[in-house]
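The values are calculated or read from the model by the stated rules, or taken from the named source; none is laboratory data. Just so you know, these numbers come straight off a predicted model, no measurement behind them. Reconstructed Cβ throughout: ideal geometry from the backbone, glycine too, with neighbour counts over all protein chains shown.
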Amino acid sequence: MTDDQTRAAEILKGHRESIDRLDSILIYTLGERFKHTQAVGSLKAAHALPASDPAREAIQIKRLEKLAVEADLDPAFAKKFLNFIISEVIRHHDIIKNDGQ
């Protein structure tokens, strides 16, 4: 391996270590987020509230698209990601609601 390749390999290793740490943060953060959304689902089920809240979802999507731009992240990607999370939350809320019936 040339000196240049060795240096590139060291830089690559550093990036990969950072990516691994960030992946861990993402997973633990999503876990914490879903603990709260599960509590919200239980509260909604107990009070016969709908599983989804389209008005809040629209506000959240706009807010996170703005944050994505500030973070130099593609806002279309952020919107897709949030829509996926929202659909999972609603699915969980429906499960909680139906388990209570």
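All but one of (1) surrounded by 11 or more Cβ atoms within 10 Å (Cβ to Cβ); (2) modelled with pLDDT of 95 or more hold for ASP72, so report the exception by its number.
For ASP72, the exception is condition (1).
Given the conditions (1) loosely packed, with under 12 Cβ neighbours inside 10 Å; (2) closer than 21 Å to ARG91 by Cβ, report the number of the one that LEU49 does not fulfil.
Here LEU49 meets the rest and fails (1).
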